[in-house]
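**Student:** Mind having a look at this structure? Questions to follow.
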Amino acid sequence: MGDLESDFNLRVVLVSFKQCLNEKEEVLLDHYLAGWRGLVRFLNSLGAIFSFISKDVVTKVQVLERLRSSPQQEHYLSLQSMVAYEVGHQLVDLQRRSRHPDSGCRTLLRLHRALRWLQLFLEGLRTSPEDASTAVLCTDSYNASLAAYHPWVIRQAVTMAFCTLPTRKVFLEAMNVGSPEQAVEMLGEALPFIEHVYSISQKLYTEHALLDLP
């Protein structure tokens, strides 16, 4: 997965999440993972500050890629087929991690939670004024999403690290789509697709009582 280290371009993420849903509104895992590979490039382009998230994301993406190339790959075409297969065959640890510590359902749930944080943060960047504090934007997004799943020590370390974030202008320029104004415009185009994929995934996990997998 060396391509995860390549330059980020927001257009690649936009295309991936646009292609993520088929006509039945099933979340296609190949495009979902491609979108995440693009988001990891974005995190890596900002330096080591987000490494605590990007390293974990890379590990999760690799687990799902292995499932996509396994003998059972046809069951991992979409999020919906994966949930049906793993739940139907009792391949998910519902109470505590034991026989299936790296099930597709558990692994993607971690990406799902991280996607919410990034979605909120990028929306904050898009709608905030030029002089907005990225530390505040990122902390607020983190507290509304990932913080609930991290112990106190991690939460403290993370929020301290956010204080060293670059300016909003630097973030927008890191998207490699032109001026900050052009980046804001493209975020406005990309984020509804990301939010839609998140909402469909959230609904599916809720229906199957999978949102709190250990």
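**Student:** GNM on the chain, C-alpha springs below 10 Å: top fluctuator among Val170, Val61, Val27?
**Tutor:** Val170
**Student:** Go through segment 39-48 residue by residue and turn each phi into a ³J(HN,Hα) via Karplus (6.51, -1.76, 1.60, θ = phi - 60°); whole Hz please, and just put x for glycine and proline.
**Tutor:** Each residue's phi maps through the Karplus curve to give 5, 5, 4, 4, 4, 5, 5, 9, x, 6 Hz.
**Student:** Something else now. Taking GluC sites (Glu not before Pro) as candidate sites, keep only those in a DSSP loop with at most 10 other Cβ atoms within 10 Å, then name the longest stretch of the chain containing none of them.
**Tutor:** Values: sites that count: Glu23, Glu130.
By the stated rule (loop sites, at most 10 other Cβ atoms within 10 Å), 24-129.
**Student:** Relative contact order (percent) for segment 1-93, with alpha-carbon contacts under 8 angstrom and 6 or more residues of separation? Intermediate results must be reported in sequence, preceding the final value.
**Tutor:** Numbers: 83 pairs, mean separation 24.7, N = 93.
Once divided by the residue count of segment 1-93, the mean separation gives 27 percent.
**Student:** Given R₀ = 41 Å, FRET efficiency for Asp102-Gln182 by Cβ-Cβ distance, to 0.05? Please report the intermediate quantities before stating the final value.
**Tutor:** Values: r = 40 Å, r/R0 = 0.97.
FRET efficiency, Asp102 to Gln182: 0.55.
**Student:** On a 0 to 90° scale, report how tilted helix 51-68 is relative to the longest principal axis of the chain, with both axes built from alpha carbons and the result rounded to the nearest 10.
**Tutor:** Here the helix axis deviates by roughly 30 degrees.
**Student:** Quick check on packing: order 134-144, 46-56 by the mean number of other C-beta atoms within 10 Å, highest mean leading.
**Tutor:** Working: 134-144: 18.6, 46-56: 15.2.
Final packing ranking: 134-144, 46-56.
**Student:** Here's a follow-up. What accessible area per residue comes out for the chain, rounded to a whole number of Å², with a 1.4 Å probe? Intermediate results must be reported in sequence, preceding the final value.
**Tutor:** On the way: 10440 Å² over 214 residues.
Roughly 49 Å² per residue, with all protein chains present.
**Student:** Could you state the angle between the C-alpha long axis of helix 134-143 and the longest principal axis of the C-alpha atoms of the chain, as a value from 0 to 90 degrees rounded to the nearest 10?
**Tutor:** 20 degrees
**Student:** A follow-up question, please. Would you work out the Kirkwood radius for segment 1-137? I mean one over the mean of 1/r across all pairs of different Cα atoms, in Å.
**Tutor:** Numbers: mean 1/r = 0.0619 Å⁻¹.
One decimal place: 16.1 Å for the Kirkwood radius.
**Student:** What length, rounded to one decimal in nm, is gained on full extension from Glu74 through to Ser199, with 0.36 nm per residue of separation minus their alpha-carbon distance?
**Tutor:** On the way: separation 125, 0.36 × 125 = 45.00 nm, distance 2.38 nm.
Answer, rounded to one decimal: 42.6 nm.
**Student:** Let me ask something else about it. For a Förster distance of 35 Å, can you work out the FRET efficiency between the beta-carbons of Asn143 and Ala84, rounded to the nearest 0.05? All intermediate terms of the calculation are to be shown ahead of the outcome.
**Tutor:** Details: r = 34 Å, r/R0 = 0.96.
Efficiency, from the Cβ-Cβ distance: 0.55.
**Student:** Using a simple charge model, +1 on the beta-carbon of Lys and Arg, -1 on the beta-carbon of Asp and Glu, nothing else, what dipole does the chain show about its Cα centre, in debye to the nearest 20?
**Tutor:** Values: 21 positive and 24 negative charges, 135 e Å.
Dipole of the chain, to the nearest 20 debye: 640 debye.
**Student:** Using only Cα atoms, tell me the angle between helix 104-127 and the longest principal axis of the chain; keep it within 0 to 90° and round to the nearest 10.
**Tutor:** So the inclination is approximately 20 degrees.
**Student:** While we're on this one: How large, in percent, is the carbon and sulfur part of the accessible surface of the chain at a probe radius of 1.4 Å?
**Tutor:** The nonpolar share, carbon plus sulfur, comes to 53 percent.
**Student:** Could I ask something else about it? Report relative contact order for the chain in percent, whole number only (criteria: Cα-Cα under 8 Å, sequence separation at least 6).
**Tutor:** Numbers: 238 pairs, mean separation 55.5, N = 214.
For the chain, the relative contact order is 26 percent.
The values are calculated or read from the model by the stated rules, or taken from the named source; none is laboratory data. This one's a predicted model, so the numbers in the text were calculated from it and none came from an experiment. A quick note on method: Cβ atoms are made from the backbone with ideal geometry, for glycine too, and the neighbour counts reach across all protein chains shown. When the accessible area is computed, the model is the full protein with side chains, heavy atoms only, and any ligands, DNA or RNA have been set aside. Shrake-Rupley method; radii C 1.70, N 1.55, O 1.52, S 1.80 Å.
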